[in-house]
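> Supplied in structure tokens, the structure appears directly below.
A short reminder: the numbers here are calculations on the coordinates, not readings from a lab. What you see is a predicted model; the values in this text were computed from it and never measured. Using ideal geometry, Cβ is built from the backbone for each residue, glycine included, and neighbour counts are taken over all protein chains shown.
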């Protein structure tokens, strides 16, 4: 993991978009992460747009989730742009 550099840090409140990594995503924007819950905790308070980047083969029919999981607004693959559940709740891209 890269070392934090405080002189280059930006607070979440200054960000409009957060690119969210994942091992897999579904068509509701739910994701399989890396098992630590880091991005779910960040997304809980993040007011901007969460976008997952994936290859098409990483898109699954459905991913099980629990109440602490936070879906992405959008998932972008090399073939399509998927509007996740959060994007359907009114945070549309203009």
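> Using Cβ counts within 10 Å as a stand-in for footprinting exposure, how do 57, 25, 46 rank, fewest first?
Placing the least packed residue first, the sequence is 57, 46, 25.
> Give me 39, 55 sorted ascending by neighbouring Cβ count inside 10 Å, so fewest comes first.
Fewest to most other Cβ atoms nearby, the residues stand as 55, 39.
> Which of these values of Rg and Dmax of the Cα atoms in Å was calculated from the structure shown: [x] 13.4, 42; [y] 22.4, 73; [z] 21.5, 81?
[x]
> Expressed as a rounded percentage, what relative contact order does the chain have, with Cα pairs under 8 Å and six or more residues apart?
Relative CO of the chain lands at 30 percent.
> Follow-up. Counting only helical runs of four or more DSSP H residues, what would the 222 nm mean residue ellipticity of the chain come to if each run contributes -39,500 (n - 2.57) and the total is spread over all its residues?
-3000 deg cm²/dmol
> Starting from 0.36 nm per residue, how many nanometres of slack lie between residue 77 and residue 57 once their C-alpha separation is accounted for?
Length difference between fully extended and current span is 6.3 nm.
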